[in-house]
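*Asks:* Handing you a structure now.
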Amino acid sequence: MKELLAPLKTHNRSVLTLLLLAAFIWSLFSVTWSRDLVHAGGWTTTVQIFEGLIKPDLSPEIVALAIESSWVTVVYAVTGMTVALIIAFIFGILGSGVLFSSHAVRVIAMGIFRGILATIRAIHELVWALLFVAVIGLSPYAAVFALGIPYGGILGRILADMINDVPKEPIQALRAAGASRLQCLLYGYLPLVRANMISYTMYRFECSIRSSAIMSFVGLGGLGYQIQLSLSDLNYDEVWTFLFFLIAIVVLIDAWSNSLRKRLVL
Amino acid sequence: MKNKVQIPRKKRRFSFVSFSILLVFALLAGSWGHILFIERAHFFELFNERNLEYAKKFFSGLFGFQEEKPAFVDKESWKNAIQLTYETLQMSVMALGFATIVAMLTVIPASRTIADGTLTVSKRWYHWILFGIIRGLYIFSRAVPELVFAMVIVFIFKPGILPGAIALALHNFGIIGKLCAEVIEDTDARPIRNLASAGASNAQILFYGIIPAVMPKFLTYILYRGEVIMRTSIVVGFVGAGGLGQQFKLSLSYFHYTEITLLLICYIILVFIADFISEGFRKAAR
C-alpha cells in the first residue's frame, strides 16, 4: 500500500490540482446550460445597472443618507468587534489550555472550548442575525451579537493557536522563576502574542465592516439596508452611490490597518 | 549624521501608533454611545417578559416540542435537506472554480514586481495601466459583500445555483487575486531573472519560473477561500440564489422551525467536513 501511495506523495501538488479541477468540472454538470438561465429582461437590466455606474446619484439627500448609514455600519462593526474580542479572550485563553496544570484537565478543556469556538464560527453571521431577530426583535443588540459571536469564534481560535505556538523558552524561564500559571499568561504568553493578535484583529475589523453592511439585510439599518431599498425601487444610480461609500470605508480601514501592521510587526 | 536621520523617523512611528490608539478609543466611545444614547437600546431591557416569551416559543419550536412530527425525524425532509446540501456543495465548488479561473487570468499583471519589470527584466508601457485597472477591480470585488452581488445578480439570472455561484465568485476573485499577487511579489526574483536573461519567452518564464515557485502558496490560499465560500454559500441563498439558504429563508418565513433545525444541522456538518478536507489538502500542498 505504501509503495502504491509513494508516487502520489511526490506529485501531491499536481494530484491536488487535478482533484480540484475534477471537482470543478463535476460542479458544472449541476446546471442545465441553456438560454433559460437569464431573465427575459436580463440584458436591459445589466445595461441599466452599468449606466448607474457612470452616473451615480450624487444629490445632497442621497449623500447625506449614505454618510449616516455609513456611520451606522461602522457603529455595528465596532461594537460587534468589542463583543468578539471579549468572547475571543475568554474562550481563546481557556481553549489554549495554558491555565490548567494537570494534563487530563487540559485536554478536556481544550476539547470543550475549542469545540464551542468551532461551532459558533461555523454559523455565518447573517444566520445568527436571523436567529437573534427572531428572538429579541429588531434591537441593535441583535446586530451586535450576530456580528460578535462568529467573529469571536474566529478570533478566539486564532488566539488559542497563537498562544500554543509561543516559543517554550521564555515560558520555562518564567516557570523556573516561580511564576504561577496566571502570571505566565499575563507576563509570558499575552505580551508575546500581542503584536500578531492586533494585526489579525485589524484584518478582521475590515471584514466586520463588510459583514455589518449586510447585517441590514435582516432589517437592521446601515448601508446594506439602503442598498436593498434602492434595489427594490430599481434606482441603480443610488445603489452605486452607497456602494462607493462602502468601498471607501473598506479601503480607508484597509490602509489604516496596513500601515499599523507594518509598524507593529517590523 | 545617521542619528539625525533616525530620530525623526522613530518619532513619527510612535505618533502613528498613539494616533491609532486614540482613534480606536474614539471609535469605541462613539459607537457604544450611538447604540446606548442615540438608538436608546438598553441591554437589560432585552430581558423582558415579551422577549422571554418569544425566545421560549422560538426554541421550543426549534426542538420541535409542539409538533407531532418534527422535520428532523422525518425521512422525506432529510432527503430534501441532503439534496439541498449537495446543491450547496456544488454551488461552492463552482464558485471557487470561477473565482480561481478569473484570478489566475489576471494575477500576473496585477503583481507589482511584474508591473515595474524587476521580475522579468522587461518593461512595457502598458504594464502599469493594466496593474492599475486590475488592482482597482480587485478592490471593488473585495469591498462589495457577496450578498449585495447576489441581490443584483438575481435581477439578471433566474434563481438557481448559477447566480449564487457567480455572486460568490465575484466577491472572492478579488481576494484570491490580491493574496496570490502578493505571493508573486514575495517570490525570489533571482531564478526567474536568470531564466529571462537566458532568453526564455514569456510563456516559458511563466511555466518554468513563476508557477513552480508560487504553486504551493496558491493552493493554500485557494483552499482557504474554499472553506470561507462554503460558509458563506448559505447567505447568498437568502436572496433567492438557491441552495440551503433559500430553503432556510422560506422555512423561517413559514415558521417551520423544525425544518430550520434540520437545515442548520446539515449546514454545520457541511462546513465541518469542508474544514476538515481543506485542512488535509493544505497539509498535502505544503
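The values are calculated or read from the model by the stated rules, or taken from the named source; none is laboratory data. Quick caveat: nothing in here was measured; it's all calculated off a predicted structure. Reconstructed Cβ throughout: ideal geometry from the backbone, glycine too, with neighbour counts over all protein chains shown. Surface areas here come from the heavy atoms of the whole protein model, side chains and all, with no ligands, DNA or RNA. Shrake-Rupley method; radii C 1.70, N 1.55, O 1.52, S 1.80 Å.
*Asks:* Quick one: in segment A:192-214, which of the residues that are closer than 23 Å to A:Ala142 by Cα and of a type in the set (Gly, Ala, Ser) is farthest from the other protein chains (Cβ to nearest Cβ)?
*Replies:* Here the answer is A:Ser208.
*Asks:* Going by the structure shown, is A:Leu147 at pLDDT 90 or above and open to solvent by less than 30 Å² (accessible area, probe 1.4 Å)?
*Replies:* In short, yes.
*Asks:* Among (1) within 32 Å of the chain's Cα centre (by Cα); (2) within 30 Å of A:Gln226 (Cβ to Cβ), which single condition is A:Leu18 missing?
*Replies:* Tallying (1) within 32 Å of the chain's Cα centre (by Cα); (2) within 30 Å of A:Gln226 (Cβ to Cβ), A:Leu18 fails exactly one: (2).
*Asks:* Evaluate segment B:170-191: report whether one residue or more is open to solvent by 40 Å² or more (accessible area, probe 1.4 Å), of a type outside the set (Lys, Arg) and in a loop (DSSP other than H, G, I, E, B).
*Replies:* Within segment B:170-191, one or more residues are open to solvent by 40 Å² or more (accessible area, probe 1.4 Å), of a type outside the set (Lys, Arg) and in a loop (DSSP other than H, G, I, E, B).
*Asks:* Which one of the conditions (1) of a type in the set (Gly, Ala, Ser); (2) surrounded by fewer than 18 Cβ atoms within 10 Å (Cβ to Cβ); (3) modelled with pLDDT under 85 does B:Ala198 fail to meet, given that it meets all the rest?
*Replies:* B:Ala198 satisfies all of (1) of a type in the set (Gly, Ala, Ser); (2) surrounded by fewer than 18 Cβ atoms within 10 Å (Cβ to Cβ); (3) modelled with pLDDT under 85 except (3).
*Asks:* Cβ-Cβ below 6 Å, separation at least six or inter-chain, first residue in segment A:30-50 and at the interface with chain B (Cβ under 8 Å from one of its Cβ atoms), second of a type in the set (S, T, N, Q): which pairs?
*Replies:* Taking only residues 6 or more apart or on different chains, the pairs are A:Ser30/B:Gln90.
*Asks:* Might you let me know whether segment A:171-189 holds any residue that is in a helix (DSSP H, G or I), within 15 Å of the chain's Cα centre (by Cα) and surrounded by 15 or more Cβ atoms within 10 Å (Cβ to Cβ)?
*Replies:* No, segment A:171-189 contains no residue that is in a helix (DSSP H, G or I), within 15 Å of the chain's Cα centre (by Cα) and surrounded by 15 or more Cβ atoms within 10 Å (Cβ to Cβ).
*Asks:* Out of the residues in segment A:215-242 meeting the condition of being facing another protein chain (nearest Cβ under 10 Å) and open to solvent by 10 Å² or more (accessible area, probe 1.4 Å), tell me which one is farthest from the chain's Cα centre (by Cα).
*Replies:* Checked segment A:215-242; the qualifying residue farthest from the chain's Cα centre (by Cα) is A:Leu234.
*Asks:* Criterion first (in contact (Cβ under 8 Å) with a residue 60 or more places away in the chain, more than 23 Å from A:Glu206 (Cβ to Cβ) and surrounded by 20 or more Cβ atoms within 10 Å (Cβ to Cβ)) does B:Val235 satisfy it?
*Replies:* The answer is no for B:Val235.
*Asks:* Would a scan of segment A:88-95 turn up a residue that is within 14 Å of chain B (Cβ to nearest Cβ) and of a type outside the set (Phe, Trp, Tyr)?
*Replies:* No.
*Asks:* Further, regarding this structure: Can we say B:Tyr86 is aromatic (Phe, Trp, Tyr), surrounded by fewer than 23 Cβ atoms within 10 Å (Cβ to Cβ), free of Cβ contacts under 8 Å to residues at least 40 places away in the same chain and not assigned by TED's automatic domain parsing to the domain that holds B:Lys178?
*Replies:* no
*Asks:* Can I ask one more? Among the listed residues B:Asn172, B:Asn202, which satisfies the condition of being of a type in the set (S, T, N, Q) and within 14 Å of chain A (Cβ to nearest Cβ)?
*Replies:* Among B:Asn172, B:Asn202, only B:Asn172 is of a type in the set (S, T, N, Q) and within 14 Å of chain A (Cβ to nearest Cβ).
*Asks:* While we're here: Yes or no: B:Ile133 open to solvent by less than 60 Å² (accessible area, probe 1.4 Å), part of a helix (DSSP H, G or I), out of contact with any His (no Cβ under 6 Å at 6 or more places or on another chain) and hydrophobic (A, V, I, L, M, F, W, C)?
*Replies:* So B:Ile133 does not fit the description; no.
*Asks:* Please work out which one of (1) open to solvent by less than 70 Å² (accessible area, probe 1.4 Å); (2) part of a helix (DSSP H, G or I); (3) not aliphatic (A, V, I, L, M) is the condition A:Asp57 fails and give its number.
*Replies:* Among (1) open to solvent by less than 70 Å² (accessible area, probe 1.4 Å); (2) part of a helix (DSSP H, G or I); (3) not aliphatic (A, V, I, L, M), A:Asp57 violates only (2).
*Asks:* Right, here's the next one. Check segment B:66-75 and report whether any residue there is within 14 Å of another protein chain (Cβ to nearest Cβ), on the phi < 0 side of the Ramachandran plot and surrounded by fewer than 18 Cβ atoms within 10 Å (Cβ to Cβ).
*Replies:* Looking for residues that are within 14 Å of another protein chain (Cβ to nearest Cβ), on the phi < 0 side of the Ramachandran plot and surrounded by fewer than 18 Cβ atoms within 10 Å (Cβ to Cβ), one finds none in segment B:66-75, hence no.
*Asks:* From (1) within 13 Å of chain B (Cβ to nearest Cβ); (2) in a helix (DSSP H, G or I); (3) surrounded by fewer than 18 Cβ atoms within 10 Å (Cβ to Cβ); (4) not β-branched (Val, Ile, Thr), pick out the condition that doesn't hold for A:Leu138.
*Replies:* Result: A:Leu138 passes all but (2).
*Asks:* Restricting the search to segment B:243-259, which residues are facing chain A (nearest Cβ under 10 Å) and not aliphatic (A, V, I, L, M)?
*Replies:* B:Gly245, B:Phe248, B:Lys249, B:Phe255, B:Tyr257
*Asks:* Turning to a different aspect of this structure: Taking the stated definitions as given, is A:Ser211 assigned to a helix (DSSP H, G or I), crowded, with 19+ Cβ neighbours inside 10 Å, out of contact with any Gly (no Cβ under 7 Å at 6 or more places or on another chain) and not aromatic (Phe, Trp, Tyr)?
*Replies:* So A:Ser211 fits the description; yes.
*Asks:* Test B:Lys158 against the stated conditions and say whether it is facing chain A (nearest Cβ under 10 Å) and open to solvent by 50 Å² or more (accessible area, probe 1.4 Å).
*Replies:* For B:Lys158, the condition - facing chain A (nearest Cβ under 10 Å) and open to solvent by 50 Å² or more (accessible area, probe 1.4 Å) - is met.
*Asks:* OK, next. Take segment A:217-234 and flag every residue that is without any contact (Cβ under 8 Å) to a residue 60 or more places away in the chain and either in contact with an Asp or Glu (Cβ under 9 Å, 6 or more places away or on another chain) or assigned to a helix (DSSP H, G or I) (or both).
*Replies:* A:Ile227, A:Gln228, A:Leu229, A:Ser230, A:Leu231, A:Ser232
*Asks:* List the residue pairs whose Cβ atoms are under 7 Å apart, where the first residue sits in segment B:41-53 and is under 12 Å from A:Tyr141 (Cα atoms) and within 10 Å of chain A (Cβ to nearest Cβ), the second is in a helix (DSSP H, G or I) and open to solvent by less than 90 Å² (accessible area, probe 1.4 Å), and the two are 6 or more positions apart or on different chains.
*Replies:* Close Cβ pairs (under 7 Å, with a partner that is in a helix (DSSP H, G or I) and open to solvent by less than 90 Å² (accessible area, probe 1.4 Å)) amount to B:Ala41/A:Pro140; B:Ala41/A:Tyr141; B:Ala41/B:Ile35; B:Phe43/A:Tyr141; B:Leu46/A:Ile136; B:Leu46/A:Tyr141.
*Asks:* If you don't mind, there's one more thing I want to ask. Is it the case that B:Leu223 is surrounded by fewer than 20 Cβ atoms within 10 Å (Cβ to Cβ) and either away from chain A (no Cβ under 13 Å) or under 17 Å from the mean Cα position of the chain (by Cα) (or both)?
*Replies:* It is false that B:Leu223 is surrounded by fewer than 20 Cβ atoms within 10 Å (Cβ to Cβ) and either away from chain A (no Cβ under 13 Å) or under 17 Å from the mean Cα position of the chain (by Cα) (or both).
*Asks:* How many of the residues making up segment B:113-130 are of a type outside the set (Gly, Ala, Ser) and open to solvent by less than 60 Å² (accessible area, probe 1.4 Å)?
*Replies:* Going through segment B:113-130 one residue at a time, the tally reaches 6.
*Asks:* Would you confirm, using the coordinates I've provided, whether B:Gln83 is out of contact with any His (no Cβ under 7 Å at 6 or more places or on another chain) and at the interface with chain A (Cβ under 8 Å from one of its Cβ atoms)?
*Replies:* No, not satisfied.
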